[in-house]
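Working notes, beginning with the structure itself.
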Amino acid sequence: MIRRIAVLTSGGDAPGMNAALRTCIRAGLYNGKEMYVIYDGYKGLVKGNIHQVNKDFTADIINRGGTIIRSARLPEFKEPEVVKQAVQRLQDYEIDALIGIGGDGTYRGLLDLAKAGFPVVGIPGTIDNDVASTDETIGFATALNTICECVDKIKDTSGSHQRCSIIEVMGRHCGDLAMYSGLAEGAEAVISSDHPLKEDSLFRKLRKMKAQNKSHAILIVSENLIDINELAKRIEAETGFDTRTEVLGRLQRGGTPVAHDRILASRMGTKAISLLLEGNHNQVVCLRNNEIIGVPIEEALSMKREPKENLIKMIDMLQ
Ligand code: F6P
């Protein structure tokens, strides 16, 4: 029987992590469980930075960005000795189950704990939307809105100077932030792993726009793909468009979560608790066709992200 449940956040922080944490704590307490938080992700777990919390701990956090229990990356967590220490810490506090909020890296840590015999559940929280097992991750919608707010502002100045602006967005190796923000902004081009750069057609298009005296051109590019400063030089040389680059960086991870992320976090957090209470351990929470379901962690981690063909077609049609 599960009596004590702990929650941690790990990997890059994402808006809505606090809303998910709040939900887990409140749903756990509602079901008569003792709730604990672990500060600083797996690093804090190994160190034993573990504290019991009550409902007051969750006051006024549903709308807060970041994660109040902080996050950390701990690559050594895969080492069996480190996993053993983590299990020992959890046992020291007589904790019966752990909920980890984060991306695939967090899930791999949970899987190691599960293999060591400790019950776990994962909740997807990352701005990257790169967790293959779920249609959406907590934080993606907010980051997308933040990108759109920034691009709207860049458009104003880009238009005033008749410039081409290349904007690099996050996503690690996943192009969703670039693709969806490109769609929402009506960008002239989107460059992502699923939608690679086609230089010739891009230059042709920009030359035509320049000839038509268009006010500006917006290109949205996923990080870790190309050197945007090199591309800017090539655009200037090939098309005559005065070109500037912007890297939006970590501001995409901050800010108040939008209502969509708060609701997704609430739905996923309650599911995490019910999975544990029903004895469905070692699963991750997923959104599939607007249903919240549990999927075994190992299965979730073996899934590969498929390119979103309909989205790619739509972008090609509209840009
Ligand atoms: O996973 C979230 C994310 O913001 C990625 O988009 C980005 O590549 C990475 O984290 C940056 O991590 P850090 O802030 O640790 O450099």
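A Cβ distance below 7 Å, combined with a sequence gap of six or more or placement on separate chains, defines the contacts here; from region 173-184, residues that are buried (at least 24 other Cβ atoms within 10 Å of the Cβ) reach residues that are of a type in the set (Val, Ile, Thr) and in a helix (DSSP H, G or I) in the pairs Leu177/Ile147; Met179/Ile315; Ser181/Ile147; Ser181/Val151; Gly182/Ile315.
Taken over region 237-252, the residue count meeting the criterion of being farther than 23 Å from Cys150 by Cα and acidic (Asp, Glu) is 1.
Yes or no: Asp104 within 15 Å of the ligand (Cβ to nearest atom) and either of a type outside the set (Ser, Thr, Tyr) or outside the structural domain of Met35 (by TED's automatic domain parsing) (or both)? It is true that Asp104 is within 15 Å of the ligand (Cβ to nearest atom) and either of a type outside the set (Ser, Thr, Tyr) or outside the structural domain of Met35 (by TED's automatic domain parsing) (or both). Which of the residues belonging to region 192-221 are free of Cβ contacts under 8 Å to residues at least 40 places away in the same chain and within 16 Å of the ligand (Cβ to nearest atom)? Once the filter is applied, which keeps residues that are free of Cβ contacts under 8 Å to residues at least 40 places away in the same chain and within 16 Å of the ligand (Cβ to nearest atom), region 192-221 yields Ser192, Ser193. In the set Glu238, Glu306, Glu246, Glu299, only one residue is out of contact with any His (no Cβ under 6 Å at 6 or more places or on another chain) and part of a loop (DSSP other than H, G, I, E, B); that residue is Glu306.
Identify all residues within region 202-231 that are hydroxyl-bearing (Ser, Thr, Tyr) and modelled with pLDDT of 95 or more; write none if there are none. Give the steps one after another, and end with the answer.
Taking region 202-231 as the starting set, the residues that turn out to be hydroxyl-bearing (Ser, Thr, Tyr) are 215, 222.
Result: Ser222, single match.
Of the residues making up region 134-153, those that are within 14 Å of the chain's Cα centre (by Cα), hydrophobic (A, V, I, L, M, F, W, C) and farther than 13 Å from Arg250 by Cβ number 4.
Annotation: of all residues in region 182-205 being of a type in the set (D, E, K, R) and not in a helix (DSSP H, G or I), the one that is farthest from Asp128 (Cα to Cα) is Lys198.
Quick check on this structure: which one of Thr58, Thr137 is crowded, with 19+ Cβ neighbours inside 10 Å and in contact with a helix residue (DSSP H, G or I) (Cβ under 8 Å, 6 or more places away or on another chain)? Quick ask: steps written out before the conclusion?
Numbers: Thr137 fails: in contact with a helix residue (DSSP H, G or I) (Cβ under 8 Å, 6 or more places away or on another chain).
Exactly one residue qualifies, and that residue is Thr58.
Glu149 falls short of the stated requirement of being among the charged types (D, E, K, R), outside the structural domain of Leu8 (by TED's automatic domain parsing) and surrounded by 21 or more Cβ atoms within 10 Å (Cβ to Cβ).
When the residues of region 95-112 are filtered to those that are touching a strand residue (DSSP E or B) at 6+ places or on another chain (Cβ under 6 Å) and assigned to a loop (DSSP other than H, G, I, E, B), the one that is surrounded by the fewest Cβ atoms within 10 Å (Cβ to Cβ) is Asp96. Filter region 275-292 down to residues that are over 18 Å from Ala114 (Cβ atoms) and not charged (D, E, K, R), then give me how many there are. Qualifying residue count for the region: 4. Of everything listed in (1) within 24 Å of the chain's Cα centre (by Cα); (2) surrounded by 21 or more Cβ atoms within 10 Å (Cβ to Cβ); (3) at pLDDT 95 or above, the single unmet condition for Ala86 is (1).
Scan region 259-274 and give yes if some residue there is within 16 Å of the ligand (Cβ to nearest atom) and either among the acidic types (Asp, Glu) or assigned to a loop (DSSP other than H, G, I, E, B) (or both), otherwise no. Looking through region 259-274, at least one residue is within 16 Å of the ligand (Cβ to nearest atom) and either among the acidic types (Asp, Glu) or assigned to a loop (DSSP other than H, G, I, E, B) (or both). Looking at Gly32, Gly16, just one residue is without any contact (Cβ under 8 Å) to a residue 12 or more places away in the chain and under 19 Å from Thr270 (Cβ atoms), and that residue is Gly32. Exactly one residue among Glu278, Glu246 is in the same structural domain as Thr58 (by TED's automatic domain parsing) and not hydrophobic (A, V, I, L, M, F, W, C), and that residue is Glu278.
Among the numbered conditions (1) in contact with a strand residue (DSSP E or B) (Cβ under 6 Å, 6 or more places away or on another chain); (2) aliphatic (A, V, I, L, M); (3) surrounded by fewer than 24 Cβ atoms within 10 Å (Cβ to Cβ); (4) not assigned by TED's automatic domain parsing to the domain that holds Arg204, the only one that Val121 does not meet is (3).
Would you pick out the residues in region 155-181 that are small (Gly, Ala, Ser), more than 16 Å from the ligand (Cβ to nearest atom) and assigned to a helix (DSSP H, G or I)? Break it down stepwise before answering.
Start the filter on region 155-181 by keeping residues that are small (Gly, Ala, Ser), which leaves 158-160, 165, 171, 175, 178, 181.
Right, trim to more than 16 Å from the ligand (Cβ to nearest atom) and you get 158-160, 165.
Passing the criteria: Ser158, Gly159, Ser160.
The values are calculated or read from the model by the stated rules, or taken from the named source; none is laboratory data. Here the structure is a predicted model, which means the values were calculated and not measured. We place every Cβ from the backbone using ideal geometry, glycine too, and count neighbours over all the protein chains shown.
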